[in-house]
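Reading through the structure tokens given below for one structure.
Each reported figure results from applying straightforward, stated rules to the coordinates on display, with no laboratory input. As the structure is a prediction and not an experimental result, all values here were calculated from the model. Cβ atoms come from the backbone with ideal geometry, glycine included; neighbour counts cover every protein chain shown.
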Amino acid sequence: MRERSLEVIEVSKSFPTAQGRLQVLDGVSFSQARGEVLSIVGASGSGKTTLLRIVAGLDTPDDGVLRLNGREIDGPGPERSLIFQQFGLMPWLSVVENVLFGLAPSGLSKTEQADRAKDAIGRVGLQGFEDFHPKALSGGMQQRVGIARALAVGPRLLLCDEPFASVDAMTRQTMQTDLLNIVTREGVTVLLVTHDIEEALFLGDRVVVFSSRPARVIEEIDVEIPKPREHSVRTSTGFQEQRAMVWELLQATA
Ligand SMILES: Nc1ncnc2c1ncn2[C@@H]1O[C@H](COP(=O)(O)OP(=O)(O)O)[C@@H](O)[C@H]1O
Ligand SMILES: [Mg+2]
């Protein structure tokens, strides 16, 4: 058994609403090995973002425990990096300034921050683009700036909340391949939430299937597609079968 990274144990969460409390997570449990890419797939409104915010330490559960590398999560920390929808880039800052922005709270010296930023930009293949502004880059390159910013802090866990939800289908597939190549090469542990079954399977070593709200774990699936994964695996029989199976599971809980 590989070393444990994230452990989520019986996590429940509800929110107060005008109609009383809205139960969003109901005893969610799963764990993740170091270096694993784990996808959580669930319908819109099932509670995926709520879970990710709790893992990030931006919100607290009503019940349950979360640990990262054996330490209880009780707030935000630099060992967890979030990649936002639309990559969260500041349009008025250059590539290197956007990456440095993520390092600002680190307490590292200016020289160390500059070294780390340069290194992260190189690791996502953007050397030479340091002084470009986001709007001068393609969507795929903007995504890589977002990844570089997240990697620069040296996270133990990379959290992705539907990172490709707002891009067109073809760009999305290219970006998925790109993200997968980078995180595979870097050996980063990734927790990704999405409503997109194909995305969950293409990126994940394992897929956790959420029920509709309140979210419970209804299935955990090993994705038996070797890495590196080419775009063409999407049309393979094994992939199509797993996709159909997850679809059935999600239908049954809708
Ligand atoms: N702070 C909040 N207060 C009240 N309701 C919330 C809050 N955050 C999320 N919700 C509700 O919780 C449910 C799950 O939301 P969310 O976790 O964003 O789902 P998903 O990311 O799977 O689409 C939704 O019905 C949403 O309206
Ligand atoms: Mg969401």
Requested in this report: Normalise the Cα radius of gyration of region 114-254 by 2.2 N^0.38 Å (N = residues in it) and let me know the number.
Outcome: 1.14
Query - Cross-link partners of residue 110 among lysines (Cα-Cα below 29 Å; sequence separation of 8 or more within a chain) - result: 118, 135
Report summary line: Short to long, in 5 Å steps from zero, the percent of alpha-carbon pairs of the chain per bin is 1, 6, 13, 17, 18, 17, 13, 9, 5, 1, 0
Query raised in the report: Can you work out ³J(HN,Hα) from phi for every residue in region 17-29, in order, using Karplus 6.51 cos²θ - 1.76 cosθ + 1.60 and θ = phi - 60°, giving whole Hz and x for Gly and Pro?
Result: 9, 4, 8, x, 7, 9, 6, 10, 10, 10, x, 7, 9
**Report entry** Degrees, to the nearest 10: 110-123 long Cα axis against longest axis of the chain
**Finding:** 70
Report task. Can you bin region 52-105 into rounded, prolate or oblate? Criterion: square roots of the alpha carbon gyration tensor eigenvalues sorted a ≥ b ≥ c, rounded for a/c under 1.5, prolate for a/b above b/c, oblate for the rest. Result -> prolate
Query raised in the report: Over the Cα atoms of region 90-154, what is the Rg over Rh ratio if Rh follows Kirkwood?
Result: 0.93
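Kindly state, as a whole number, the per residue volume in cubic angstrom of the convex hull around the alpha carbon atoms of region 6-109.
Looking at region 6-109, the number lands at 156 Å³ per residue.
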Query raised in the report: What is the diffusion coefficient of region 183-254 in µm²/s, taking the Kirkwood radius over Cα pairs and the Stokes-Einstein relation at 25 °C with a viscosity of 0.890 mPa s?
Result: 189
Query raised in the report: Percent relative contact order of the chain, based on C-alpha pairs within less than 8 angstrom and at least six residues apart?
Result: 26
Query raised in the report: Expressed as an acute angle from 0 to 90° and rounded to the nearest 10, what is the orientation of the C-alpha long axis of helix 237-253 relative to the principal long axis of the chain?
Result: 60
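Go ahead and estimate [θ] at 222 nm for the chain from helices alone: -39,500 (n - 2.57) per DSSP H run with n ≥ 4, summed, over the residue count, rounded to 500.
Values: 7 runs with 88 residues, N = 254.
The helix-only estimate for the chain comes to -11000 deg cm²/dmol at 222 nm.
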Query raised in the report: Within region 151-254, what percent of beta bridges assigned by DSSP are antiparallel, to the nearest 5?
Result: 55
Query raised in the report: Which residues does a label at residue 243 reach in region 140-170, if reach means a backbone N under 15 Å from a point 7 Å past the Cα toward the Cβ?
Result: 169-170
Report summary line: So, relative contact order of region 90-154 in percent, Cα under 8 Å, 6 or more apart, is 51
**Report entry** Gyration tensor (alpha-carbon) shape descriptor, region 55-179, a/c threshold 1.5
**Finding:** oblate
Report summary line: Per the rule of 0.36 nm per residue minus the C-alpha distance, extending residue 69 to residue 44 adds in nm 6.0 nm
**Report entry** Among beta bridges that DSSP assigns inside the chain, antiparallel share in %, nearest 5
**Finding:** 55
